[in-house]
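Colleague: Before I ask anything, here is the structure I am working with.
The values are calculated or read from the model by the stated rules, or taken from the named source; none is laboratory data. Computed from a predicted model, the values in this text were never measured in an experiment. All Cβ positions, even for glycine, are placed from backbone atoms using ideal geometry, and neighbour counts span all protein chains on display.
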Amino acid sequence: MSWWNEKNGAVHLHIRVAPRASRTEVAGTHGEALKIRLQAPPVDGAANEALIEFLAAALQVPRSTIRIERGHTGRNKEISIQGSAARIQPARLLS
């Protein structure tokens, strides 16, 4: 899958966010990124917080293991999650 890879003890996700959506959900892929619609607006970090909360719940990992590496203020983000792909199972986001 091109929207995620595993390196250095972490899973890295390439995410394209769409803030101010009617609900928070995975909306498939967008090029080589996973598209996630977020209900939160892109104001004062609300969308970033909503993204971290959504990923933590969907992947059943602690929020503290998720970090935004790139794209804090943009729609395209690189997220790292500490742990192995076997434990995190990023493909669950598409099911």
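Colleague: Could you grab me the full set of residues in the range 24-45 that are among the hydrophobic types (A, V, I, L, M, F, W, C) and exposed (fewer than 15 other Cβ atoms within 10 Å of the Cβ)?
Modeller: Ala27, Val43
Colleague: Go through the range 69-95 and report how many residues are closer than 15 Å to Trp4 by Cβ, of a type outside the set (Gly, Ala, Ser) and free of Cβ contacts under 8 Å to residues at least 60 places away in the same chain.
Modeller: Qualifying residue count for the region: 5.
Colleague: Do any strands (runs of 3 or more DSSP E) entirely within the range 11-95 hold 3 or more residues that are modelled with pLDDT of 95 or more and touching a Gly at 6+ places or on another chain (Cβ under 9 Å), and if so, which?
Modeller: In the range 11-95, 76-82 are the strands (runs of 3 or more DSSP E) which contain 3 or more residues that are modelled with pLDDT of 95 or more and touching a Gly at 6+ places or on another chain (Cβ under 9 Å).
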